[in-house]
Amino acid sequence: SGTSLTAEWLQKCGLNIGDRLLRADPSNNRGHFEDLDFLDFHKEILMDNGVDYLNVSNKKIIYTDYHRAKAVSIINLKSNLHGQWGWKEPRTCLFLDMYHELLPEACYLVVYRHYREVVGSLLNREFHSVRQKLKFPYKNLYRFRFKFKEADLIKDYLVSWCNYNERLLEYISHLEKSQYIVIPDDQLVEHSAMALKGLISGSGFKLSDYPISSVYEQDLKGKTYMKIQLPNKLKKKAENIWSKLNSIATNNAIVK
């Protein structure tokens, strides 16, 4: 959803977004800019709850005393090392209730993307991540077999998009308006100066206005399966969530 671009840009603006970052890979050759301390921790919580990042559905995540203590230790480590810091890790959406308790004054920059593009992007990533490891003639055979599981993948991806964004909407409703900025990914470049100004105002960070155009590459969004068939019931749910996100973004005075 444009979060890698956002994290790289904010790092250029002077915000520390992690001392150990996830490496680049074929799906993102500039790097994901995800803090491995938070990434590994979030994977651990999900594993302990018997779910993965796509298949959490509406299940309530249970935090043990160990989880909370570890979260506190990571936050204290970052605070001791850096005067101003943040992190990008999409699974954070699933743990916002815990972080609100530990970081009640945190400021959030929410970059969201249309559900059809997200589903298409994930399909594209799944297809090519496996196919590139195969040799001819298995590459063509995999293309044929992929069609048989495509419908199930589309459903899983769309359910996940709804789940993540529903949790975001629920969480935002409990925050002060000064604590969050919501913006669609296709307007981030155009309105980056306004987003940065809002972030500085809400957080008190001292950041420089580094031009986002210097780190933006249009082709990194990649091609997506734009003709995919979405389940009607889930599509209606996703469209409703999409409308709510757009409404918040407009009211947030970032986009008109």
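Do any residues in segment 176-190 that are of a type in the set (Gly, Ala, Ser) have Cβ atoms under 6 Å from those of residues that are buried (at least 20 other Cβ atoms within 10 Å of the Cβ), where the two are at least six apart or on different chains, and which pairs are they?
Ser178/Gly202
Check segment 167-175 and report whether any residue there is modelled with pLDDT under 95, on the phi < 0 side of the Ramachandran plot, open to solvent by 30 Å² or more (accessible area, probe 1.4 Å) and outside any helix (DSSP H, G or I).
Within segment 167-175, one or more residues are modelled with pLDDT under 95, on the phi < 0 side of the Ramachandran plot, open to solvent by 30 Å² or more (accessible area, probe 1.4 Å) and outside any helix (DSSP H, G or I).
Closer than 21 Å to Leu196 by Cβ, open to solvent by 20 Å² or more (accessible area, probe 1.4 Å) and either among the charged types (D, E, K, R) or modelled with pLDDT under 95 (or both): does that describe Arg30?
Against the criterion (closer than 21 Å to Leu196 by Cβ, open to solvent by 20 Å² or more (accessible area, probe 1.4 Å) and either among the charged types (D, E, K, R) or modelled with pLDDT under 95 (or both)), Arg30 qualifies.
Of all residues in segment 18-52, how many are touching a residue at least 60 places away in the same chain (Cβ under 8 Å) and under 24 Å from Glu117 (Cβ atoms)?
First, the residues of segment 18-52 that are touching a residue at least 60 places away in the same chain (Cβ under 8 Å): 18-19, 26-30.
Restricting the remaining residues to those that are under 24 Å from Glu117 (Cβ atoms) gives 26-30.
Counting residues in segment 18-52 that are touching a residue at least 60 places away in the same chain (Cβ under 8 Å) and under 24 Å from Glu117 (Cβ atoms) gives 5.
Results for (1) open to solvent by 30 Å² or more (accessible area, probe 1.4 Å); (2) farther than 25 Å from Phe205 by Cβ; (3) out of contact with any strand residue (DSSP E or B) (no Cβ under 6 Å at 6 or more places or on another chain), shown as yes or no for each residue.
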| position | (1), (2), (3) |
| --- | --- |
| Arg68 | yes, yes, yes |
| Ser79 | yes, no, yes |
| Lys88 | no, no, yes |
| Glu101 | yes, no, yes |
| Val119 | no, yes, yes |
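Determine which member of the set Phe136, Phe146 is open to solvent by less than 20 Å² (accessible area, probe 1.4 Å) and either farther than 30 Å from Gly83 by Cα or at pLDDT 95 or above (or both).
The unique qualifying residue is Phe146.
The values are calculated or read from the model by the stated rules, or taken from the named source; none is laboratory data. Given the structure is predicted, the values throughout are model-derived calculations rather than measurements. Reconstructed Cβ throughout: ideal geometry from the backbone, glycine too, with neighbour counts over all protein chains shown. For accessibility, only protein heavy atoms count, side chains too; no ligands or nucleic acids. Shrake-Rupley method; radii C 1.70, N 1.55, O 1.52, S 1.80 Å.
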